[in-house]
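First the structure, in the form of structure tokens, and then the observations on it.
The values are calculated or read from the model by the stated rules, or taken from the named source; none is laboratory data. What you see is a predicted model; the values in this text were computed from it and never measured. Cβ placement follows ideal geometry from the backbone for every residue including glycine, while neighbour counts extend to all protein chains displayed. With ligands, DNA and RNA removed, areas are computed over all heavy atoms of the protein, side chains included. Shrake-Rupley method; radii C 1.70, N 1.55, O 1.52, S 1.80 Å.
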Amino acid sequence: MRSQGATLSMIQARFQGRERSIARAFAENGSFRDLCDDYRKCASAVDRWQRQKGKSAVSRRREYQELLEELALEIRTWLDAMESASIHENEREH
């Protein structure tokens, strides 16, 4: 699907240096893909609200920006946990 490719690219661009971990989690885990898709949709909403005028637009943009940061933290936490598990798995193998 085109949107999945766009979502993956967006997340990899946002979290540079973690591209391989992101690709792996994206390929292996539906929940992670859903989280990334939520991030993409939220980023799109922030962009839309930035183009709008008025107090309500400012308020909505702020709400979506806060949500976007929360989603970014969830993604970062997910990647940290996955990478930590990988490190521990490698240590047990050696």
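Here are the numbers:
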| quantity | calculated |
| --- | --- |
| Which of Tyr39, Tyr64 is most accessible, then next, and so on - probe 1.4 Å | Tyr64, Tyr39 |
| Å² per residue, accessible surface of the chain at 1.4 Å | 70 |
| Helix-only [θ]222 nm of the chain, DSSP H runs n ≥ 4, -39500 (n - 2.57) each, per residue, nearest 500 | -30500 deg cm²/dmol |
| Protein-only accessible surface order, largest first, of Thr7, Thr77 at 1.4 Å | Thr77, Thr7 |
| Peptides 53-59, 9-15, 79-85 ordered by average Cβ neighbours within 10 Å, highest first | 9-15, 79-85, 53-59 |
| Alpha-carbon spread of the chain, three principal axes, descending order, Å | 60, 26, 21 |
